[in-house]
Amino acid sequence: DSEGIADTVLWGLLGCFIKGGMWGLVGGAILGVGLNRDRYNRKTIILALLVFVIAFFVGRVLINDPQKFMYFSNPDDRPRDESWAGFLFGALAFLAVLRFSGDREAFAIPFKFSLWGFIGGALGFSGGALWMVFGPEIPIEQKWIGWWKMMEFSFGFIFGAALGWCAYLNQDRLRIAGRDGEAPSAAWGPLIAVVLLVLVVFNRWIFFSGDPGERDEAGFDILRFSLMILFGYVVFGSVLLSLGLFSVHAAWQISITLTFFHTVLDYVRDLDTVDRFGYSASFATQSLVLYPLTLLLGLLVYWIQSGRNVVQRLFLLAVWACYLSSCARTFGYKETLFPPEGESALHFLIEKHPSMIFVHGTFTVSAIITTWFILSRTTESADLAVEKAPN
């Protein structure tokens, strides 16, 4: 009935508000520390990340895992994994370590970014979810619009706008947060480390995608659970953030090369069957796509760090590498690569996947606007970050 539907919508919006807010709370706090990096020593940040990980699992065990109350996912799919309480506990613990580290003035930046991150994440995710509710009622040709993607676009735009507004309000503090000096020379070590991480992560995913019945069930479950904790975003991300504290070049390789790797992984992991693109690929073929492309991008990151306008060029590399990866998902169908006689790739997209045209058009416009912003706003002075951090 209508009353039940209204209750479901309100409960879903509340869940989106809380989940988006928790993502923003964590992301804003960590971004704030990064922008105010020179005010914290490595030990403090690593301790904060360690406490964050511990508190995350405490929150999950106490609230999310029992799923007795405040469960926002589809009840028919119970149990669905939820982590919002873990992020809440983790973010508060992370901020508490920073607050009691001794530098109250430095704490203002991550604290403000966490608040604005919460506001942007909460409003962005719940506000974007309204497209799912009211979008199908809009009197337009529905096949051209994917309301799920509209939700994601809205979330990213509002969340990013909130963080940008926070940066604008605190621009005077952020302007003096960095330290001038000569950029360190490029190093091979971070590139090699990232390539090894790619090998480990990809093979870990293949391990998870296998059939558990083909292995010793008890031993497999224990190993699977251990690897899921180790390579989950919380633990793995915290480890990578810690490694980035020791080298500017490691930080760039982690932020750009691993990001690109995951966009390509998102494509190749759908090649196990013909359901997604109309063709499949073996593990060896997937590896021949994933590894060389990741290595190539890692080499480009290394090469760019040896020249001038490093920050500007690395930002541009990140934008357009990820954009090209999105092209594979948009135009990588069998019918677009090898259209039937008398038909075109565009005809196939219009007939079978019309909403992808809108999605990719949004990606294209966003990439162009971001490129303009990077070229007009970044300067060579941004490259004068030093590698040595305070101990």
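Figures for the structure shown
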| read-out | value |
| --- | --- |
| Criterion violated by Gly32 - all others in (1) buried (at least 22 other Cβ atoms within 10 Å of the Cβ); (2) at pLDDT below 90 satisfied | (2) |
| Subset tally (residues that are at pLDDT 90 or above and either under 20 Å from Asn36 (Cα atoms) or not hydroxyl-bearing (Ser, Thr, Tyr) (or both)) for segment 360-391 | 11 |
| Inter-residue pairs, beta-carbon under 8 Å, first assigned by TED's automatic domain parsing to the domain that holds Ser355 and in segment 323-335, second outside any helix (DSSP H, G or I) and surrounded by fewer than 16 Cβ atoms within 10 Å (Cβ to Cβ), 6+ apart | Tyr333/Gly278; Lys334/Gly278; Lys334/Tyr279; Glu335/Gly278; Glu335/Glu343 |
| Every residue from segment 290-311 that is in contact with a Leu (Cβ under 7 Å, 6 or more places away or on another chain) and either within 25 Å of Ile368 (Cβ to Cβ) or not assigned by TED's automatic domain parsing to the domain that holds Phe373 (or both) | Leu300, Val301, Ile304 |
| Subset of segment 356-372 (residues that are closer than 15 Å to Phe157 by Cβ and among the small types (Gly, Ala, Ser)) | Ser366, Ala367 |
| Cβ pairs under 7 Å, 6+ apart, first in segment 220-249 and within 27 Å of Gly34 (Cβ to Cβ), second of a type in the set (D, E, K, R) and at pLDDT 85 or above | Leu245/Arg42 |
| Test: residue in segment 139-151 that is of a type in the set (A, V, I, L, M) and touching a Cys at 6+ places or on another chain (Cβ under 9 Å) | yes |
| Segment 255-288: number of residues that are exposed (fewer than 13 other Cβ atoms within 10 Å of the Cβ) and assigned to a helix (DSSP H, G or I) | 2 |
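The values are calculated or read from the model by the stated rules, or taken from the named source; none is laboratory data. Quick caveat: nothing in here was measured; it's all calculated off a predicted structure. Here Cβ is always computed from backbone atoms with ideal geometry, including for glycine, and neighbour counts include all displayed protein chains.
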